[in-house]
Structure formats: C-alpha cells, structure tokens
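S.K.: Structure in structure tokens, see below.
What follows is calculated from the coordinates using simple rules that are stated; it is not laboratory data. Small disclaimer: the values here were computed from a predicted structure and weren't measured. Here the Cβ positions follow ideal geometry from the backbone for every residue, glycine too, while neighbour counts run over all protein chains shown.
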Amino acid sequence: MRDRLQHLHRVKTDSEGFSTVELNSLSELEPADPDQDLDGVLNEAQQIRLEIQQIQNDISELQDVNYQTINRTSFPSVTKRDSNTIGADIKRRGEAVLQQLHLMNDLRGELEARRGPSDPAVRIARTQYHCLSNALREVMFSYNDTEMSHREACKRHIKRQMEVVGREISEEELEEMMEGEELCVFSVHMEGKTIHSALMQLQSRQQELLELETRIQSIQELFLDVAVLVEEQGAAVENIEQSVQKAEVIVHDGTTQLENASTSDKNNPLKRMFCGCFPCYHS
Amino acid sequence: MAPSGLKAVVGDKILNGVIKSVKKDGEWKVLIVDHMSMRILSSCCKMSDILAEGVTIVEDISKRREPISSLEAIYLITPEEKSVDALIKDFKDSAFTYKAAHVFFTDTCPNELFAKIGRSRVAKAVKTLKEINVAFLPYESQVFSLDDPSSFESFYSPKKRDERDKAIASVAEQIATLCDTLNECPAVRYYKESEENLKLADEIRRRLDAHKADNLKMGEGPDKARSQLLIVNRGFDPISPVLHELTFQAMAYDLLDIKQDIYSYQTTGIGNSKEREVLLDEDDELWVQLRHMHIADANIKDLSQMLKKMPQYQKELSMYSTHLHLAEACMNKFKATLNNVCEVEQDLAMGANAVGEPLKDAMKSIVPVLLSEIDAYDKIRIILLYIFHKKKGIPEENLTKLIQHANIRDDSKIITNIQNLGCNIINAGKMLPERKERADSTYQLSRWTPIIKDIMENAIDDKLDRKQWPFISEPATITTTQTAVSARFGHWHKNRSPTEHRSGPRLIIFMIGGVSHSEMRSAYEVTRATDGKWEVLIGSTHILTPTSFLNDLKKLE
C-alpha cells in the first residue's frame, strides 16, 4: 500500500478564492440538519447490540458454572446463579431481543413508507437489522453448543462413576437414564466412602441432565423463531454487489416508481423464503 | 468455510488494510465504491464482514446519493476520471455530502487526476489517501480475473488495433498489482508464437520494477526466486474453450443460464413452487467439493440426508437441494442433445477414438451431427474442432460446404474470425503444441486435457522449453547476502498475515482473451499434484464460457 496523504498536502492549493482559514471553518461546521431518523436507527441498533453482548456474557458464565459443577467433589453452595437461572435469563433476553428486532423492522417499514426504499436511513436500518439478526442467531448457536458440551461432559462423568460403582453402562442405558428412567443398580451391600460419593455424584449428574433437557426444550421455540427471522431475509442480503445494485436511483417519474414497486415485490422475502426442505417448518 | 488463497489475501487486505484501518469505536461509516471496486469487494467480503468493521451502508459512486453528513465516508475506487470527478463533486458545495473522506485507490492515481483532487475543496476533507494495489478480481482461491470482457476486442479485433497499446498498459498494471498483493516478483515468460505476449510481458516487467521500488517485500523469501509468471494468448489452445466439458462447474456454466454466478431455479416445495436464487461461490462448501468433479461422480442423491431437527442444519439441507437441482438440470440438457456430440468432440480433440485408434475419416463422423437437430452454436463448435483436428486448416471450399450442410450461414463469421487469434482455419502454417501422453482419464467423454496443464507441469518441473517460452529477463537470484538471509530467516514471516504467506514458489498463468473452466480446474489439479509445494494461479482478462467465446468471436469483424 502506498500512502499519499503527504503528497496531497504538498499539492493542495486554495480553491475558488477561499482562504485556508475560511475553508477550515467550513469543514468544521455542524451538519445542517442532523438526521434524527438515522440517529434513532443507529441508537436502537446499539441497544440491541449491547443486549446480545449481555447474552454472550451469560453464556460465558454458564460455561463456568457447568465446569464447576462437574469438577467439584462436594455439593456446590449456591452463591452465584445456577445454570437454570442463567438459562432462564438467556431465554428471556433472547426473546426480548427478538421482539426488539421485530420492532426495528417495523420502524424500517415505517421509514420506508415515509422516505422511500432508496433512502440511506432506510437502507442502513435494513443492514443493521440483518446484521443483528445474524448476531442473535450466532449467539443462540453458541448457547446451544455450550449446553451440548455440558451434556457430553455429564455423560462421560456418569460413565466413569458407574465404573467406580462397579457397573458399566451402555449408550442406550445412558440415554434412557437421561429421559428419567431410574437406575436400578445399587445393591444394598455396597458400602464405603468411595461408593457413597460416586452415588451422590451420579444422582446429581442425572438431575443436571434432566434440567438441561428441560432448558433446551423450553428454548426450542426461540430457536425456531430466530431461524425464521434469518431465513426470511435470505442469503442475498450478504452479497454486497446485490445490495449496492438494489439501491435504486432516485425516482424521477411515475414509470420508475412502478418499476421499483414490482422489483421490491419480487424480492418480497415471504415469497422467496422456504424451499421444500425446511425441516422444522414441516415437523 | 473461510475463503482461502486469493480471496483470503484480498479480503484481508480490504477488511484490515482499508476498512478496519479507519475504524473508530462507536462511529459508523459509509463505504462508497465504483463498478470495479464493488466487484472486487463483493467477491471476497460479505455484508456482515464490513458491518463488523464499522461500515453501515455501501453506495455506488455513480448514483445520485442523499447526503449523510453525520457520517464519514470511505471511498474505495479506481483512479479514473469518472470516479474522481464524483468524489470531487461530493465536497464541492458548502454542505459536504459526508463528514470527511478516507480515499483508497485500487492502484496508482495518475498525476493529472491527483492534481485535480489537490485543487478542489475535497482536499480539505480528505483524512486518508492511499493506493492499495488491488486492481484485479479474486474470482476463486486460485483464479483471478480482470473483469473486462471488452478487452477481447481490444486485443484481437482488427477494428480496434489502436486500442491495443492502451489495453496492454492497463492489463500490465493490473497484473503488477496482483504480484504486489502476493508479494511476488516472478520471472516473466511468454509464449513466443504471438506478438502480444511479448509486448505484455515486457510491460509487466517494467511495472513490476516500479512496484518493487515501493514494496520491498516483493519476491522476498527463499523459494520466491523460483516463482514464474507465464503470458499466453487465447489462440494457443482454441480447443478448451469450445469443447463440451462434463465436470460440474464447466458443465453448469456451459449448459445453463448462470449470470453473475447466480443459479436460479424453481423449487417444488410443499404447495406451489417458488423461485430460488443461489450464489455459486467458495462460501458454499459443497460447491467447492463438487465443482471439479465429473458429473457422474457428483452423486448428490447418495449424500446423507441431514434430517436433524435443529434449525442450524437447514442451511446445509438447502445447499444439497440446490446442487441436486443443478446436477439434474445439467444431465437433462445433456441427455436431450449432447450424448452423441460429446463423443465426436472428444475423438476430434484427441485425434483418436476411445480405444486409442487414430481417427480416419473425421468428416464422416461429423456430418450426421451437423445435420441433426442441435443448436447452431453446438454445430459451430463441432466444425471448429474438426478444423483444429486438421491441424493445418482446411481448404476454403470445404469450409463453405460444411457451413452449408450445417445451415449456419448467419453465424459462420465466428469460424473465420477465430483466425484473428492466430488459429489455422483456411490452410495456414502454424501448428498447435505437442501434447503429453496421459493415462489418467477414466471417462470416455472426458479424455481431453487443456494444453495449459502440460505447460503448468513442465514449468514446475523446470522442463518448459526456453525457446518456445523465453524469459523476459533472466530469473532473479536472491540478491541479499547469505548472512542477511539467515539472520532474517526465522523472522521474515512474522509480520505477515497468515494467508498472505505461502512460503513456496508460485506459478502464475495469465491468458490474454479469456480462460475456460477446464483450464481453471487444471490449476487446482496441478497444485494438488505438487503436494502443496507449488501454488498455481491462473487468470485472464475475463472468465469465458463456450457461448460467450463464440459471441465475442462474432463481434471481432
């Protein structure tokens, strides 16, 4: 890369009789009309962005809590939030962000009706909405991954503890156990601290797995809604060339307006949305 | 999947070198592009990527734009008059269109335009002014394009002879920016048979020297002295752009109507059918896996159906569906008309049939095809292949007879026009290059290997004939002293971004006048065969399809 700013400064001449002082003060003037709509859009976007960041923080905390519960040998004393509380918070925040995104889209629609589809504030609202929808989806995936990792860790732990107790457990039995089936293994004559500790561990792992399943179940609908949100917008929004080309030239007359209208209807996301193999939609 | 190779290098340069370099927390920016820079940007960055670095809207400089005076603007533009004038216009009146300007030119800004900027009010608003040296399109990880189909005429049309030198200068500069971006300073070679190759190679050498004066990294590194840049003209292999290919990407672009790399089709979902548009690019992992495979091997139906219920798999499922449609569309077109045609084409191209017996009476095999119900362009392709098979061209009256039989008089110009590329049509002297013996094709209808593949392999093995492919200047030797090299040896890679620095040598092929998909595929095949020791890049003024090639030939005279 070649930096030519210095070269420009050397070449710069005063133009049209303005003195340097006057030119400098011109460029430092406040913009004539601060665009309140645009500021509104950007502020709203920032709020949503911060909320999504909060969800990410919650997920990190959940990872810590999950790790602690497996790796401690005694029962945890509840000083911080436990996984159910965090899970509930994530769900609540996710749903709130989803709502905010819907509102943002409504705002964009209203701006579009008032200012036209090529207006920069409208297009900025659209790109922010798109970006934030993706960010929400990413963060939900991240939450899902966290819970799935914990699930696997619990399963591994159970297997080990079962070996300690002297009873190996198969995958199917493990799956059954996670669905709430009782384990009928423990003979009365098994005594001793190690066995006792292992049994306590097993019970709490089983409990955790059940709670985890419940959390995942309860968040399914949110997952689905977020997936729909992203799918609705289509992959084409990501393509920069298409984004630039779709921004129509300022409307000059009625015919161009009609052209715009039919183009935007063709791009109506609901009309181009689902291919036949959208699994959740049909399940 | 993150893009690799060229796309990654250019994407990194733009995202980090341009956009992130002026990022300020809490402040959004507008990004202004012109046609070429938009194509470059779009080929290696997504909307999300630039949003993440503080760009909230992308505008076309040539369109009338509403002022957004609270935001600063990044101008990523080519240093040509139209774009510079538009930049100046944005800051002409007392109310600036944007708060400030960060200007990034794709390559060197000529002095008059630079002075023009200096004279106008915009100079006060410019906070950044750089030349990024990226004036080419990273089409794929190993393929680049200059995105200029019109240069075909500039090089080969007798009507446009006066544009040739300008075209050569422009192409040379663009290729120099490619080398600059890759930090390569390759030895330049050219195919001797054609004059424009020498002229271009010479101009490139000059530009490389100029760029190296500013970018000392070019050519640095122990293996880089072996890097080569080969200049070749389209006429060197007229068979590859005309032959029907049966690998997925080549077949799709030949038989289906794919514009701007977008494949549109109707899905037959539950209820009514809907139109879907899918971009075929390297972000689609399945496309990357399938694109070079023979259509018979791209067995998409057998690929596991991912019927998981989690929403994140829905993207993968729809990709499978797209490629299934694509493959079926290709096969349908093929079965309808091309089964016989392909066999005849392969025989003509190879000069022998599937079991290796030399072709005795080529005319006999092509006449039934010419009389059949296939498209005019398919007939022309057969005739061209027949003529190339004859190596030294055919008598004019034979050509007239063929055109008559095939009933293609309206398009017959295409055949005679190809002589402008230096190919033999009517009894001329030049021969096509000697071919390597190959035993690797398993499909009867895919025996042909693009000639460029032979060249690539020979260049890498240092067996490329110096008389046919002379060096513009002797290959560079490492000029730094031994001690300096060893002192730096462990460290020279450290300040580079990971994608930019392959430490091995590169072979860069530039074809004047268009590159075909089969030739693009060869670059990947040859690279793989070196086990990663070499990286082969191929590019041209534009990517062609057989149809676009014939259309361009038609316009030459």
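S.K.: Given contacts defined as C-alpha pairs under 8 Å and at least six residues apart, what's the relative contact order of the stretch B:138-253, whole-number percent?
M.R.: After rounding, I find 25 percent.
S.K.: Starting from the Kirkwood radius over alpha-carbon pairs of chain B, derive D by Stokes-Einstein at 10 °C in a medium of 1.306 mPa s and give it in µm² s⁻¹.
M.R.: 62 µm²/s
S.K.: Just grab the label-to-label distance for B:Met331 and A:Asp89, each label 7 Å out from Cα along the Cβ direction, in nm (one decimal).
M.R.: Each label point lies 7 Å from its Cα, and together they span 5.4 nm.
S.K.: Give me the inter-chain shielding for B:208-215: mean count of other chain Cβ atoms within 10 Å, whole number please.
M.R.: 1
S.K.: Specify the longest stretch of chain B that does not include any exposed loop site, a site being one of the chymotrypsin sites (Phe, Trp or Tyr not before Pro) with a non-H, G, I, E, B DSSP assignment and at most 16 other Cβ atoms within 10 Å.
M.R.: Value returned for the longest uninterrupted segment is B:1-442.
S.K.: Whole-Hz Karplus ³J(HN,Hα) for the stretch A:208-222, in order, using 6.51 cos²θ - 1.76 cosθ + 1.60 and θ = phi - 60°, x for Gly and Pro?
M.R.: Couplings: 4, 4, 5, 5, 4, 4, 4, 4, 5, 4, 5, 9, 3, 5, 4 Hz.
S.K.: In addition: Specify the inter-centroid distance of the stretch A:106-167 and the stretch B:34-109, based on alpha-carbon positions, in whole Å.
M.R.: 32 Å
S.K.: As a footprinting exposure proxy, order B:Val122, B:Val10 by other Cβ within 10 Å, with the fewest listed first.
M.R.: Going from least to most buried by this count: B:Val122, B:Val10.
S.K.: Amide H of B:Ile32 versus every other amide H placed in the peptide plane: which residues, excluding those fewer than 5 positions away on the same chain, fall under 5 Å?
M.R.: So B:Ile32 has HN proximity to B:Glu59, B:Ile74, B:Tyr75, B:Leu76.
S.K.: Taking K and R as +1 and D and E as -1, what net charge do the other residues with C-beta under 13 Å from the C-beta of B:Val22 add up to?
M.R.: +2
S.K.: Which ordering of B:Glu437, B:Glu80 is given by a fewest-first count of other beta-carbon atoms within 10 Å?
M.R.: By the 10 Å Cβ count, ascending, the order reads B:Glu437, B:Glu80.
S.K.: Amide H neighbours of B:Ile509 under 5 Å, counting only residues 5+ apart in sequence or on other chains, H built in-plane at 1.01 Å?
M.R.: B:Leu230, B:Leu537, B:Ile538, B:Gly539
S.K.: Which of the residue pairs B:Lys46/B:Lys453; B:Lys192/B:Lys360; B:Lys13/B:Lys89; B:Lys29/B:Lys63; B:Lys24/B:Lys46; B:Lys364/B:Lys401 have a Cα-Cα distance greater than 24 Å in the structure shown?
M.R.: B:Lys46/B:Lys453; B:Lys192/B:Lys360; B:Lys13/B:Lys89
S.K.: Under 13 Å between alpha carbons, and skipping anything fewer than 8 positions from B:Lys463 in its own chain: which aspartates and glutamates qualify?
M.R.: Here the aspartates and glutamates satisfying the reach criterion relative to B:Lys463 are B:Asp454.
S.K.: Considering only DSSP beta bridges with both partners in chain B, what is the antiparallel share in %, to the nearest 5?
M.R.: Of all bridge pairs located within chain B, approximately 25 percent are antiparallel.
S.K.: With Cβ to Cβ distances under 12 Å as the rule, what net charge do the other residues near A:Leu222 carry (K, R +1; D, E -1)?
M.R.: Combined, the nearby Lys, Arg, Asp and Glu give +2.
S.K.: Excluding residues on the same chain fewer than 8 positions from B:Lys199, give the lysines whose Cα lies under 22 Å from its Cα.
M.R.: Result set, ordered by chain and number: B:Lys159, B:Lys160, B:Lys166, B:Lys212, B:Lys430, B:Lys467.
S.K.: At a Cα cut-off below 22 Å, give the lysines reachable from B:Lys333, other chains included and same-chain residues fewer than 8 away excluded.
M.R.: B:Lys259, B:Lys274, B:Lys301, B:Lys379
S.K.: Starting from the Kirkwood radius over alpha-carbon pairs of the stretch B:124-228, derive D by Stokes-Einstein at 20 °C in a medium of 1.002 mPa s and give it in µm² s⁻¹.
M.R.: D = 141 µm²/s.
S.K.: Using Cα centres only, tell me the gap between the stretch A:42-61 and the stretch B:518-557 in whole Å.
M.R.: 46 Å
S.K.: May I ask you to evaluate 6.51 cos²θ - 1.76 cosθ + 1.60, the Karplus curve with θ = phi - 60°, for each residue of the stretch B:205-222 and list the ³J(HN,Hα) values in order in whole Hz, giving x for glycine and proline?
M.R.: Once rounded to whole Hz, the list reads 4, 4, 5, 4, 4, 4, 5, 5, 4, 8, 10, 5, 6, 4, x, 7, x, x.
S.K.: Could you give me the ³J(HN,Hα) list for the stretch B:180-188, computed from phi with Karplus coefficients 6.51, -1.76, 1.60 and θ = phi - 60°, whole Hz, x at Gly and Pro?
M.R.: Each residue's phi maps through the Karplus curve to give 4, 4, 8, 6, 10, 10, x, 6, 9 Hz.
S.K.: Residues with beta-carbon under 11 Å from that of B:Glu80, excluding B:Glu80: net charge, scoring Lys, Arg +1 and Asp, Glu -1?
M.R.: Neighbour charge sum, excluding B:Glu80 itself: -3.
S.K.: Here's a follow-up. What distance in nm separates the two pseudo spin-label positions at B:Asp361 and A:Glu163, each 7 Å out from Cα along the beta-carbon direction?
M.R.: Label-label distance for B:Asp361 and A:Glu163, simple model: 7.8 nm.
S.K.: What distance in nm lies between label points placed 7 Å from Cα along the C-beta direction at B:Gln404 and B:Thr442?
M.R.: 4.7 nm
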